[in-house]
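J.: This is the structure I want to talk about, given as structure tokens.
The values are calculated or read from the model by the stated rules, or taken from the named source; none is laboratory data. Remember, it's a predicted structure, so these values are computed and weren't measured experimentally. Glycine also receives a Cβ, built like all others from the backbone with ideal geometry; neighbour counts cover every protein chain displayed.
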């Protein structure tokens, strides 16, 4: 029995809960997965899995074995990556997942430059707004936006994540310009279903120590897609609180206008950021580190999409 191969198969089967999925992940036959597990159970003289039509689950003995060997396997992988990185330039397939719109606007324009700089790295990018389990899916790196909830991952902050309240010129011409958060009560607000509730929060612009004030907002249109929310705002359907990384160009060329310009308006009071996250290891692989460093350099301490609010205001004609 190839003990290392059998243990690796066991760990993936335990994490995925399926012989078929483990075989697909490891690029081996399902019969090979079954053989590895049977040989391991015979060697240990204990059943490692409860098998049913719904999949696999670990027995008590399987849980004990997994707790020990999964750490050992991770340490072996760390040692291999750390040793390889001493004499080799970053290489291999980098599997990365990212939000659809952010990835299109702020990762894709620079991806060619990244791949030119690191010619031995191939990129396999998945665009999704769902939170992917990096370990189960064997993803090296994820770009996430918002508040981090998974403490099992390592994270590096790439940029701030803030919003700006805005509307199309056609909407403002028809309904008027709201200048205070309270005035939003009389306006059609575009709601994002992924936000928490139908409330926005405001404080005077440039006063980060000021208390957030809650403003209830209402509207007839609720959308679950951030690009659709942007399109609705540009079409004059109402006022939207959009991420600055999404709305920056439209604000700059006049397709959208910053409303309540003296106020900082956000859909939540939670401090949010744009993060690079990756599975917790003692050594970060050089390909992951290269990707993170590259985009941290591109975004900078003050990301190019974070314009001062004054930049959105049109000078009055005299």
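J.: Tell me which of these residue 199 doesn't satisfy, since it passes every other one: (1) buried (at least 16 other Cβ atoms within 10 Å of the Cβ); (2) modelled with pLDDT under 95.
T.: Answer for residue 199: the failing condition is (1).
J.: Where in segment 40-148 are there strands (runs of 3 or more DSSP E), lying wholly inside it, with at least 3 residues that are out of contact with any helix residue (DSSP H, G or I) (no Cβ under 7 Å at 6 or more places or on another chain), closer than 20 Å to residue 9 by Cβ and not assigned by TED's automatic domain parsing to the domain that holds residue 224?
T.: Passing ranges, in order: 49-52.
J.: Checking residue 223 against (1) out of contact with any strand residue (DSSP E or B) (no Cβ under 6 Å at 6 or more places or on another chain); (2) crowded, with 21+ Cβ neighbours inside 10 Å, only one condition comes out false. Which one?
T.: The one condition residue 223 does not meet is (2).
J.: Of the numbered conditions (1) assigned by TED's automatic domain parsing to the domain that holds residue 149; (2) not in a helix (DSSP H, G or I), residue 242 satisfies every one except a single condition; which is it?
T.: Condition not satisfied by residue 242: (1).
J.: Just one of 208, 178 is surrounded by 14 or more Cβ atoms within 10 Å (Cβ to Cβ), within 24 Å of residue 248 (Cβ to Cβ) and either in contact with a strand residue (DSSP E or B) (Cβ under 8 Å, 6 or more places away or on another chain) or in the same structural domain as residue 241 (by TED's automatic domain parsing) (or both); which is it?
T.: Among 208, 178, only 178 is surrounded by 14 or more Cβ atoms within 10 Å (Cβ to Cβ), within 24 Å of residue 248 (Cβ to Cβ) and either in contact with a strand residue (DSSP E or B) (Cβ under 8 Å, 6 or more places away or on another chain) or in the same structural domain as residue 241 (by TED's automatic domain parsing) (or both).
J.: Now for a separate question. Inside segment 76-105, can you point out the residues that are within 22 Å of residue 133 (Cβ to Cβ), out of contact with any strand residue (DSSP E or B) (no Cβ under 9 Å at 6 or more places or on another chain) and modelled with pLDDT of 75 or more?
T.: 76
J.: Looking for whichever is assigned to a loop (DSSP other than H, G, I, E, B) and either at pLDDT 95 or above or in contact with a strand residue (DSSP E or B) (Cβ under 7 Å, 6 or more places away or on another chain) (or both) here; the options are 255, 307. Which one fits?
T.: 255
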